[in-house]
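The next block holds one structure in the form of structure tokens; read it before the comments.
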Amino acid sequence: MTRIRDIFRFVIKDIISDGWRSIITIVNLLVFISCFFAMVALAEAAYKFGNQPTDRSALLIISRNVFDPSESVVKEEDFLPAQELIPQYVKSVTPLIFKIIQANGNLMQLRAARLEDMQTVHSLQLISGDWPTKKNEVAIGEGSAALANWKIGDTIHIYGSDFIISGVVKAPGTKFGALWMNLDVASDLFNKPGEYQFAWVQLQSGVDAEAVRTKLQNDPRLSSRFDVYFADNLYLEYTKAVSDMKGVSGILVILALSSVMLGTYCNIFLILTERSREITILRAVGFQSSTIRGLITLRTLLEVSAGYLLSWAITSLILHWFNKINPITLHSIPLPVTISGLALLFGFILTIIFGWAGVWIPTRHLRNRSVASFIHQ
Amino acid sequence: MISIHQLHKSYHRGTETVHALRGIDLEIEKGEFIVILGPSGGGKSTLLNLIGGIDHPTSGTVSINGFSLEKASEESLTIFRRDHVGFVFQFYNLLSALNAVENVTLPLMAKGTSFNQAKIIAINILTKVGLKDRLNHLPSELSGGEQQRVAIARSIIAEPELILADEPTGDLDSYNAQEITALMHDLNQQMGLTIIVATHNLSLAEKADRVFELRDGKIQSTANDQD
């Protein structure tokens, strides 16, 4: 214990006395590690977005081959195959209007459902205010409230009409960031009566959801023109490319962290050259090469750790600021870019491994190098 | 104690091969104070490096208390130096980040002694060499003579049997050179240490039991305290 304390004392003293070199090393590492944090945060956000929990209690019928779900067209007669499964497999089939709109300059999801379906079918919970019962009222999801900084009583301009926010609702999954409107009001607003974007099929509890989905998908009345998805799973299809970013980012993340190895390698190479005098003295007075390697490794790992923690703090602050002033939204769903605890831990382990490798490579011959070779250097 | 036979050392400088030592034969007894004189480039430092296990000979043997240095691995040589040899260099070679006490503790810490224990011994030795008031000073805050005293304190703290000093007064003024000479002589007389000094300083030679002159890699002449 005393020995460990002595070693730490020696190394910290050395880091402080060699202050400029230590600062330059940490700043150098900070750049690479900050890139890692930024990429890992983006990759995680993309992955989370593309991997929303699938709601297996409901199915969506949506037009085939539309990139934007708001371009889907589902009519009353298309509900029939699902309605025929009531009551054995299906509890209800309800329409949902879905649009991506500009509301006071913010790109948002607008979802319109019957007032009675908002709680029972779409699992909305009123957090504050009232349900949008009047023709000029909308409710907003808590994600929208946070994103646009809206509050109850504010007026939102949608599709040429003004609406007042009557309440804030909590909603699961990708509905998190939506505006909610009464179905009839939305039909009037968009002037397309009887035309919806989704048929929302609420399943009976205990049924084989996949079997029902397959049955509907294979129904000749739907199979040629429509797709049937589990609720929220729709985004998995639409955003596959986005979640695939995780794979690409994973490679970039490894590259960013391997730069730590390169950075430490260069640093140690310089130390071995510039400080051969100190190494010679330590070897001459009887320090084993393994001890000297240990001291260099500890010094480097302390610098790497300092660089890592500083990068984490700085990147977190920047991401927090970025999320506040210019939040990323995809399909009008807010995409909070944050660094998870797992990423922090994973990155730290990788950084330490790469840092250690960056020391090991240039010092691996130290064991067999004579003291005279340092003197001649 | 030290037995050297037909010791050769050559190395390459560019395309040229330099023969630093050309067949040295030498026997040194325990407790002797040996001075090696000679011009620069004569092979004095090379000989000290080979006796201290800092370098490997091209051919020949160096044996200290029966331990053959020429065949030993780097790790064994490190342990040998740690346990048996203390070094004093011309330019002191103190670590600039450490103060006087910390520099002196290094050989004991290399042996595994805790810093707190080593510190007590280091303070005692630094007091003996006249640096009681300079314990916590960095090398940059000490004069040349004081730095060399710190280096001497470092060389004896682990109680070696052999001290190798390469031009210990070479960078000092005459007053400090005299002080260091006296200190080394005292160490030899009081502690019975075997001391080998490579120097140009003739006052050191006056204190020696034996003096060798090394020129062109060969011992040219020998004198003892009776001469």
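The values are calculated or read from the model by the stated rules, or taken from the named source; none is laboratory data. Quantities reported herein were computed from a predicted structural model and do not represent experimental measurements. Glycine gets a Cβ as well: all are built from the backbone with ideal geometry, and neighbour counts include every protein chain shown.
So, in region B:73-82, of the ones that are among the polar types (S, T, N, Q) and either surrounded by 20 or more Cβ atoms within 10 Å (Cβ to Cβ) or not in a loop (DSSP other than H, G, I, E, B) (or both), which residue ends up farthest from the other protein chains (Cβ to nearest Cβ)? Before you say what the answer is, go through the steps one by one.
From region B:73-82, those among the polar types (S, T, N, Q) are B:73, B:76, B:78; that's our starting set.
In the following step, the residues that additionally are either surrounded by 20 or more Cβ atoms within 10 Å (Cβ to Cβ) or not in a loop (DSSP other than H, G, I, E, B) (or both) were identified as B:76, B:78.
On the way: B:S76: 10, B:T78: 5 Å.
The extreme case among them is B:S76.
Tell me yes or no: at least one residue of region A:337-347 is touching a residue at least 12 places away in the same chain (Cβ under 8 Å), away from every other protein chain (no Cβ under 14 Å) and within 14 Å of A:S258 (Cβ to Cβ). Yes, that holds for at least one residue.
Based on this model, can you work out whether B:V85 counts as buried (at least 20 other Cβ atoms within 10 Å of the Cβ), away from chain A (no Cβ under 12 Å) and of a type in the set (A, V, I, L, M, F, W, C)? For B:V85, the condition - buried (at least 20 other Cβ atoms within 10 Å of the Cβ), away from chain A (no Cβ under 12 Å) and of a type in the set (A, V, I, L, M, F, W, C) - is not met. Filtering region B:156-183 to residues that are among the polar types (S, T, N, Q), under 13 Å from B:V197 (Cα atoms) and not in a loop (DSSP other than H, G, I, E, B) leaves only B:T181.
Within region B:96-104, identify whether any single residue is touching a Pro at 6+ places or on another chain (Cβ under 7 Å), modelled with pLDDT under 90 and of a type in the set (S, T, N, Q), and answer yes or no. Yes; the residues of region B:96-104 include at least one that is touching a Pro at 6+ places or on another chain (Cβ under 7 Å), modelled with pLDDT under 90 and of a type in the set (S, T, N, Q). Residue pairs whose Cβ atoms lie under 7 Å apart, sitting 6 or more positions apart in sequence or on different chains, and linking a residue in region A:287-303 that is not assigned by TED's automatic domain parsing to the domain that holds A:I361 and surrounded by fewer than 22 Cβ atoms within 10 Å (Cβ to Cβ) to a partner that is part of a helix (DSSP H, G or I) and polar (S, T, N, Q), do not occur here.
All of B:T46, B:T105, B:T61, B:T17 fail the test of being buried (at least 23 other Cβ atoms within 10 Å of the Cβ), of a type in the set (S, T, N, Q) and in contact with a strand residue (DSSP E or B) (Cβ under 7 Å, 6 or more places away or on another chain), apart from B:T46.
Of A:F79, A:F36, all but one fail to be assigned to a helix (DSSP H, G or I), within 30 Å of A:M261 (Cβ to Cβ) and at pLDDT 85 or above; the exception is A:F36. Within region A:276-286, being without any contact (Cβ under 8 Å) to a residue 60 or more places away in the chain and either more than 10 Å from chain B (Cβ to nearest Cβ) or not in a helix (DSSP H, G or I) (or both) holds for A:V285, A:G286. Taken as a whole, the structure places B:A122 among residues that are on the phi < 0 side of the Ramachandran plot, part of a helix (DSSP H, G or I), of a type in the set (A, V, I, L, M) and within 14 Å of another protein chain (Cβ to nearest Cβ). For B:L94, the criteria (1) surrounded by 22 or more Cβ atoms within 10 Å (Cβ to Cβ); (2) part of a helix (DSSP H, G or I); (3) within 13 Å of chain A (Cβ to nearest Cβ); (4) not small (G, A, S) hold in every case but one, which is (2).
Look through A:G286, A:G263, A:G247 and report the one residue that is under 30 Å from B:I54 (Cα atoms) and at pLDDT below 90.
Working: A:G263 fails: under 30 Å from B:I54 (Cα atoms); A:G247 fails: under 30 Å from B:I54 (Cα atoms).
When all the criteria are applied, what remains is A:G286.
Per the conditions (1) in a loop (DSSP other than H, G, I, E, B); (2) touching a strand residue (DSSP E or B) at 6+ places or on another chain (Cβ under 8 Å), the sole criterion not satisfied by B:V211 is (1).
Quick one: in region B:23-66, which of the residues that are β-branched (V, I, T) and assigned to a helix (DSSP H, G or I) is nearest to the other protein chains (Cβ to nearest Cβ)?
Going residue by residue through region B:23-66, those that are β-branched (V, I, T) are B:24, B:28, B:34-36, B:46, B:51, B:54, B:58, B:61-62, B:64.
Those left that are additionally assigned to a helix (DSSP H, G or I): B:46, B:51.
Working: B:T46: 9, B:I51: 13 Å.
My answer is B:T46.
Screening B:E70 against (1) touching a residue at least 12 places away in the same chain (Cβ under 8 Å); (2) away from every other protein chain (no Cβ under 14 Å) leaves a single unmet condition, (2). A residue that is in contact with a Phe, Trp or Tyr (Cβ under 6 Å, 6 or more places away or on another chain), under 26 Å from A:S17 (Cα atoms) and within 14 Å of chain A (Cβ to nearest Cβ) occurs somewhere in region B:134-153.
For A:F374, are the conditions met, namely being among the hydrophobic types (A, V, I, L, M, F, W, C), out of contact with any Pro (no Cβ under 8 Å at 6 or more places or on another chain), crowded, with 18+ Cβ neighbours inside 10 Å and within 30 Å of B:H12 (Cβ to Cβ)?
Considered against the rule, which asks whether it is among the hydrophobic types (A, V, I, L, M, F, W, C), out of contact with any Pro (no Cβ under 8 Å at 6 or more places or on another chain), crowded, with 18+ Cβ neighbours inside 10 Å and within 30 Å of B:H12 (Cβ to Cβ), A:F374 comes out as yes.
Residues that are at pLDDT 90 or above, under 18 Å from B:L214 (Cα atoms), surrounded by fewer than 15 Cβ atoms within 10 Å (Cβ to Cβ) and in contact with a Ser or Thr (Cβ under 7 Å, 6 or more places away or on another chain) occur in region B:22-30; there is at least one.
Counting only residues that are touching a residue at least 24 places away in the same chain (Cβ under 8 Å), within 28 Å of the chain's Cα centre (by Cα) and closer than 25 Å to A:V66 by Cα, give me the strands (runs of 3 or more DSSP E) lying completely in region A:138-207 with at least 1 of them.
Values: elements: A:155-158, A:161-170, A:178-182, A:198-203.
In region A:138-207, the matching strands (runs of 3 or more DSSP E) lie at A:178-182, A:198-203.
When we screen A:L272, A:L310 for residues that are touching a Leu at 6+ places or on another chain (Cβ under 6 Å), away from chain B (no Cβ under 14 Å) and within 25 Å of A:I23 (Cα to Cα), the only hit is A:L310.
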